[in-house]
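Peer 1: My questions all concern the structure below.
The values are calculated or read from the model by the stated rules, or taken from the named source; none is laboratory data. Predicted model, so just to flag it, every value in this text is computed and none were measured. Positions of Cβ are backbone-derived with ideal geometry, glycine not excepted, and every protein chain shown enters the neighbour counts. Ligands, DNA and RNA are stripped out before the accessible areas are found, and what is left, the full protein with its side chains, is counted by its heavy atoms. Shrake-Rupley method; radii C 1.70, N 1.55, O 1.52, S 1.80 Å.
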Amino acid sequence: MIEVQNITKHFGAFRALDDVSLVVPKGKLVALLGPSGSGKTTLLRILAGLEAPDHGRVILDGIEATEQKARDRGIGFVFQHYALFRHMSVADNIAFGLTVRKGKDRPPRAEIDRRVGALLDLVQLSGLAGRYPTQLSGGQRQRVALARALAVEPRLLLLDEPFGALDAQVRKELRRWLRRLHDELGLTGVFVTHDQEEALEVADEVVVMNKGRIEQVGSPAAIYDQPATPFVYRFLGNVNSLPCAIHDGRAEIAGLSLAIEAPNSGGEGDGIAFVRPHDVEVRPPSDGLPRAVVEQLAILGPVVRADLLLPGNISIEVELTREQQNHLSLAKGSPVGLSLRRARVFAGA
Amino acid sequence: MPKNNPAKPWRVIPGFGLTLGLTLGWLSVLVLIPLTSLFVMASGLSLDQWLAILADTRVQAAFRLSFGGALVAALINAAAGLLVAWVLVRYDFPGRRLIDAMVDLPFALPTAVAGIALAALYAPQGWIGQLIEPLGIKVAFTPLGAIVAMVFVGLPFVVRTVQPVLEDIDSEVEEAAASLGAGRWQTFTRVILPTLAPALLTGFALAFARAVGEYGSVIFIAGNFPGLSEIVPLLIVVRLEQYDYVGATAIAAIMLVASFVLLLAINGLQRWNRDRLSRGAA
């Protein structure tokens with residue numbers, strides 16, 4: 001189990017991390033998700049020992065490691081830009097962590113070769129042992145970097161935006177592959193990303209960070225379905241944020257009246273309601289329903305995205321299937337009625 | 001009708017024939033013809049005369065000092081220049097830019113000025129001389145003095161070739177080595193030094209070539225005792241002053257061939273090293 005407690009880190013006057021505590025359970029793949037400047041990479045580097053915290057503690061498998069040097073931590077680190085040793089062949093890169101060991105810790109040459117071979121198979125680069133990093137594609141380089149980090153059998157694998165420098169297609173393949181690899185090897189891993197899709201797809205657990213603090217920790221489903229803060233709502237996926245007035249446990253959005261979900265808003269006065277586009281139900285106009293007009297319509301493959309204009313000039317984005325669109329025969333300017341399947345209100349936000 | 005011949009590859013600058021012609025013409029006027037005339041002059045010697053020159057202990061001693069001293073000076077410069085470049089790139093301290101600019105001074109300073117300054121410093125009564133004299137180290141007017149002057153003129157070559165490469169080394173590479181369990185020394189010798197090797201070798205070659213050809217600063221500090229602290233370029237001047245033109249050109253020709261062979265060898269080493277680094281890279 002990997003744990004950080006009350007970590008604070010400043011760079012000059014900038015507070016990169018502000019009293020952050022986190023537990024990474026053994027065998028889980030955890031994503032640190034946040035916009036740039038949210039402190040996620042700093043946290044990763046502190047875990048690796050590449051950066052020292054101003055305050056707080058790092059505990060690796062129950063042992064205090066805050067003062068321990070990077071080289072002694074047994075943590076594998078994969079950099080966004082690979083950081084391969086370009087004067088070494090792929091095989092020598094992978095073997096590096098083993099060949100720098102001293103005395104009896106260093107495996108015999110035959111054993112090193114065997115392990116390098118096995119790792120090359122694992123990252124599907126068997127034929128390329130003798131190549132040099134400059135002769136590889138970005139995706140291949142990142143897999144070499146991963147094999148190099150795995151060679152020392154780290155207790156924790158850290159990946160800093162591992163797919164950030166790759167093009168979309170390769171990124172998609174590699175992240176599925178990473179997920180499968182994790183399931184096969186059962187290692188404990190933390191990766192940093194600013195791509196919510198990547199975090200939701202690959203991780204067992206997502207840690208959403210903002211301005212040096214942790215906003216929410218949870219499973220991908222929990223993070224998406226029950227965002228704890230307005231920030232998480234905005235950061236994960238598309239969402240309508242509608243100003244509303246809260247009164248007597250009900251929120252009033254420009255004529256749409258909806259019941260507040262109980263525990264979290266607890267206020268009176270102004271608030272913001274968050275509604276995902278697919279949680280808006282579009283129906284034929286009828287008397288009991290709030291009305292809107294279709295302002296824009298865009299067909300995006302299987303789904304249709306529409307901007308609806310509510311009374312009071314409030315725009316709301318909705319998503320529906322092509323089938324629904326045909327059924328309602330929606331077009332620009334059509335009047336519709338709508339209701340909300342699900343919404344979340346935060347007071348004062 | 002297409003204007004260009006499709007069989008010819010398109011080039012940004014046209015006229016390969018013209019540019020190569022200019023290059024060769026320019027090289028001929030400045031380098032090839034003067035050097036050829038050297039060999040033409042020297043070819044007036046008979047075999048016996050050549051052997052006599054080569055057997056002359058004074059000539060042998062001068063060659064030993066010129067090339068041996070230059071080798072030692074280049075080695076010292078490789079180490080010291082790497083250190084200077086390292087400090088300039090890796091640390092930020094007040095006066096860094098000033099020191100950075102000072103590195104180039106040996107390029108610009110008339111070498112005679114440097115020689116006089118060094119001789120004054122290292123003379124038995126000089127600031128440094130009077131400190132090291134009691135330790136039994138004599139620099140001025142000895143072969144050691146020649147090496148000191150050669151180190152002085154060669155330093156910027158190493159610093160200036162290594163510096164940009166060192167600046168390019170990503171700190172992440174060192175962090176990667178550390179996270180894999182490498183110590184500082186292992187990171188330096190196995191990661192940083194091999195990356196710097198081509199640049200270091202180039203700097204070494206340039207410093208070596210510069211030291212072999214150095215004249216002005218060396219003659220002021222070395223004392224120029226025949227057979228002891230006399231360098232080849234000075235020996236050539238001595239022969240000229242004795243109106244021994246053929247002897248002078250013969251020594252010069254030997255020096256030229258030796259320098260060329262050494263530089264060719266260093267070039268080959270560089271090529272081998274570069275190929276090793278980027279074998280077949282696109």
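Peer 1: Give A:H327, A:H278 a once-over and let me know the one that is assigned by TED's automatic domain parsing to the domain that holds A:D248 and without any contact (Cβ under 8 Å) to a residue 40 or more places away in the chain.
Peer 2: On the way: A:H278 fails: without any contact (Cβ under 8 Å) to a residue 40 or more places away in the chain.
Residue meeting the stated conditions: A:H327.
Peer 1: On the basis of being out of contact with any Pro (no Cβ under 7 Å at 6 or more places or on another chain), part of a strand (DSSP E or B) and crowded, with 17+ Cβ neighbours inside 10 Å, does A:V4 make the cut? Spell out how you get there, then give the answer.
Peer 2: Details: out of contact with any Pro (no Cβ under 7 Å at 6 or more places or on another chain): yes; part of a strand (DSSP E or B): yes; crowded, with 17+ Cβ neighbours inside 10 Å: yes.
Taking the combined requirement at face value, the residue satisfies it.
Peer 1: Right, something else. Look through the stretch B:166-179, keep the residues that are touching a residue at least 12 places away in the same chain (Cβ under 8 Å) and either over 16 Å from B:N77 (Cβ atoms) or outside any helix (DSSP H, G or I) (or both), and return whichever of them is farthest from the other protein chains (Cβ to nearest Cβ).
Peer 2: Kept after step one, since they are touching a residue at least 12 places away in the same chain (Cβ under 8 Å), are these residues of the stretch B:166-179: B:166-167, B:169, B:173-174, B:177.
Checking which are either over 16 Å from B:N77 (Cβ atoms) or outside any helix (DSSP H, G or I) (or both) leaves us with B:167, B:169, B:173-174, B:177.
Details: B:E167: 16, B:I169: 10, B:V173: 5, B:E174: 9, B:A177: 7 Å.
Filtering first and then ranking leaves B:E167.
Peer 1: While we're looking at this one, here's another question. Given the options B:F107, B:F93, name the one that is outside any helix (DSSP H, G or I) and either in the same structural domain as B:F220 (by TED's automatic domain parsing) or of a type in the set (F, W, Y) (or both).
Peer 2: Details: B:F107 fails: outside any helix (DSSP H, G or I).
Checking each option against the conditions leaves just B:F93.
Peer 1: Restricting the search to the stretch B:172-185, which residues are open to solvent by 30 Å² or more (accessible area, probe 1.4 Å) and either within 30 Å of the chain's Cα centre (by Cα) or among the β-branched types (V, I, T) (or both)? Full working, then the answer.
Peer 2: Kept after step one, since they are open to solvent by 30 Å² or more (accessible area, probe 1.4 Å), are these residues of the stretch B:172-185: B:172, B:174-175, B:184-185.
B:W185, the sole residue that qualifies.
Peer 1: Does A:G49 satisfy the criteria of being surrounded by 21 or more Cβ atoms within 10 Å (Cβ to Cβ) and over 19 Å from A:Q142 (Cα atoms)? Before the answer, list the steps.
Peer 2: Values: surrounded by 21 or more Cβ atoms within 10 Å (Cβ to Cβ): yes; over 19 Å from A:Q142 (Cα atoms): yes.
Taking the combined requirement at face value, the residue satisfies it.
Peer 1: Counting only residues that are under 33 Å from the mean Cα position of the chain (by Cα) and among the β-branched types (V, I, T), which one in the stretch A:80-132 is farthest from the other protein chains (Cβ to nearest Cβ)?
Peer 2: A:V123
Peer 1: Filter the stretch A:60-79 for residues that are within 24 Å of the chain's Cα centre (by Cα) and either hydroxyl-bearing (S, T, Y) or more than 12 Å from A:L156 (Cα to Cα) (or both) and give the result. Please lay out each step first, then the result.
Peer 2: As a first pass, look at the stretch A:60-79 and keep what is within 24 Å of the chain's Cα centre (by Cα): A:60, A:75-79.
A:F79, the sole residue that qualifies.
Peer 1: From B:L35, B:L45, grab the single residue that is closer than 18 Å to B:Y215 by Cβ, hydrophobic (A, V, I, L, M, F, W, C) and at pLDDT below 90. Steps first, please.
Peer 2: Details: B:L45 fails: closer than 18 Å to B:Y215 by Cβ.
Result of the check over B:L35, B:L45: B:L35.
Peer 1: I'm trying to understand the selection: among the residues of the stretch B:62-78, which are open to solvent by less than 80 Å² (accessible area, probe 1.4 Å) and either without any contact (Cβ under 8 Å) to a residue 12 or more places away in the chain or more than 24 Å from B:I266 (Cβ to Cβ) (or both)? Outline the logic, then answer.
Peer 2: Start the filter on the stretch B:62-78 by keeping residues that are open to solvent by less than 80 Å² (accessible area, probe 1.4 Å), which leaves B:62-63, B:65-70, B:72-74, B:76-78.
Correct list: B:G68 only.
Peer 1: Considering only residues that are open to solvent by 50 Å² or more (accessible area, probe 1.4 Å) and within 8 Å of chain B (Cβ to nearest Cβ), which ones fall in the stretch A:52-71? So that I can check it myself, show each step before the final result.
Peer 2: Step one: of the stretch A:52-71, the residues open to solvent by 50 Å² or more (accessible area, probe 1.4 Å) are A:52, A:54-55, A:57, A:61-64, A:67-69, A:71.
Those that are open to solvent by 50 Å² or more (accessible area, probe 1.4 Å) and within 8 Å of chain B (Cβ to nearest Cβ): A:K69, A:R71.
Peer 1: Scan the stretch A:156-172 for residues that are outside any strand (DSSP E or B) and more than 18 Å from A:G39 (Cα to Cα) and jot them down.
Peer 2: Passing the criteria: A:F163, A:A165, A:L166, A:D167, A:A168, A:Q169, A:V170, A:R171, A:K172.
Peer 1: Mind checking which residues of the stretch A:203-242 are in contact with a Phe, Trp or Tyr (Cβ under 7 Å, 6 or more places away or on another chain), under 23 Å from A:P162 (Cα atoms) and not charged (D, E, K, R)?
Peer 2: A:V208, A:N210, A:L236, A:G237
Peer 1: Here is a follow-up. Kindly check whether there is at least one residue in the stretch B:130-139 that is assigned to a loop (DSSP other than H, G, I, E, B) and aliphatic (A, V, I, L, M). If you could, list the steps in order and put the result at the bottom.
Peer 2: The initial filter retains those residues of the stretch B:130-139 that are assigned to a loop (DSSP other than H, G, I, E, B), namely B:136-139.
Checking which are aliphatic (A, V, I, L, M) leaves us with B:137, B:139.
Yes, the stretch B:130-139 has at least one match.
Peer 1: Mind checking which residues of the stretch B:18-42 are closer than 21 Å to B:V232 by Cα and surrounded by 13 or more Cβ atoms within 10 Å (Cβ to Cβ)? Steps first, please.
Peer 2: Keep residues of the stretch B:18-42 that are closer than 21 Å to B:V232 by Cα, which gives B:31, B:34-42.
Those that are closer than 21 Å to B:V232 by Cα and surrounded by 13 or more Cβ atoms within 10 Å (Cβ to Cβ): B:L35, B:L38, B:F39, B:M41, B:A42.
Peer 1: Moving on to the next point. So which of A:D204, A:D248 is at pLDDT 90 or above and surrounded by fewer than 21 Cβ atoms within 10 Å (Cβ to Cβ)?
Peer 2: Numbers: A:D248 fails: at pLDDT 90 or above.
Going through A:D204, A:D248 in turn, just one is at pLDDT 90 or above and surrounded by fewer than 21 Cβ atoms within 10 Å (Cβ to Cβ): A:D204.
Peer 1: Counting just the residues of the stretch A:72-103 that are polar (S, T, N, Q) and under 17 Å from B:P194 (Cα atoms), which one comes out surrounded by the most Cβ atoms within 10 Å (Cβ to Cβ)?
Peer 2: Pass one, the stretch A:72-103, residues polar (S, T, N, Q): A:80, A:89, A:93, A:99.
Imposing the further condition that a residue be under 17 Å from B:P194 (Cα atoms) reduces the set to A:89, A:93, A:99.
On the way: A:S89: 18, A:N93: 26, A:T99: 18.
Going through the qualifying residues, I end up with A:N93.
Peer 1: Residue check, B:T57 against (1) over 30 Å from B:L200 (Cα atoms); (2) of a type in the set (S, T, N, Q); (3) in the same structural domain as B:L196 (by TED's automatic domain parsing); (4) surrounded by 11 or more Cβ atoms within 10 Å (Cβ to Cβ), all met but one. Which one?
Peer 2: Here B:T57 meets the rest and fails (4).
Peer 1: Free of Cβ contacts under 8 Å to residues at least 40 places away in the same chain, more than 14 Å from chain A (Cβ to nearest Cβ) and either within 16 Å of the chain's Cα centre (by Cα) or within 30 Å of B:A117 (Cα to Cα) (or both): does that describe B:V237?
Peer 2: Details: free of Cβ contacts under 8 Å to residues at least 40 places away in the same chain: yes; more than 14 Å from chain A (Cβ to nearest Cβ): yes; either within 16 Å of the chain's Cα centre (by Cα) or within 30 Å of B:A117 (Cα to Cα) (or both): yes.
Judged against the criteria, B:V237 is a match.
Peer 1: Another question, if that's okay. Take B:F208 and tell me if it is under 21 Å from the mean Cα position of the chain (by Cα) and over 30 Å from A:H81 (Cβ atoms). Even if it seems obvious, please write down each step before you answer.
Peer 2: Details: under 21 Å from the mean Cα position of the chain (by Cα): yes; over 30 Å from A:H81 (Cβ atoms): yes.
For B:F208, the condition - under 21 Å from the mean Cα position of the chain (by Cα) and over 30 Å from A:H81 (Cβ atoms) - is met.
Peer 1: Sticking with this one: Condition (residue is outside any loop (DSSP other than H, G, I, E, B), open to solvent by less than 80 Å² (accessible area, probe 1.4 Å), farther than 16 Å from A:A145 by Cα and small (G, A, S)) applied to the stretch A:173-194: is it met by at least one residue?
Peer 2: Checked the stretch A:173-194: no residue is outside any loop (DSSP other than H, G, I, E, B), open to solvent by less than 80 Å² (accessible area, probe 1.4 Å), farther than 16 Å from A:A145 by Cα and small (G, A, S).
Peer 1: Could you run through the stretch A:302-323 and say how many residues are open to solvent by 70 Å² or more (accessible area, probe 1.4 Å), under 23 Å from A:R234 (Cα atoms) and in contact with a strand residue (DSSP E or B) (Cβ under 8 Å, 6 or more places away or on another chain)?
Peer 2: Of the residues in that region, 1 qualify.
Peer 1: Enumerate the strands (runs of 3 or more DSSP E) found wholly within the stretch A:21-132, keeping only those where 3 or more residues are touching a residue at least 60 places away in the same chain (Cβ under 8 Å). Step through it out loud before you land on a result.
Peer 2: Values: elements: A:29-33, A:55-60, A:75-78.
Filter on the stretch A:21-132 gives A:29-33, A:75-78.
Peer 1: Now, a different point. Would you point out which residue out of B:G136, B:G181 is on the phi > 0 side of the Ramachandran plot and modelled with pLDDT of 90 or more?
Peer 2: Numbers: B:G136 fails: modelled with pLDDT of 90 or more.
Answer to the selection: B:G181.
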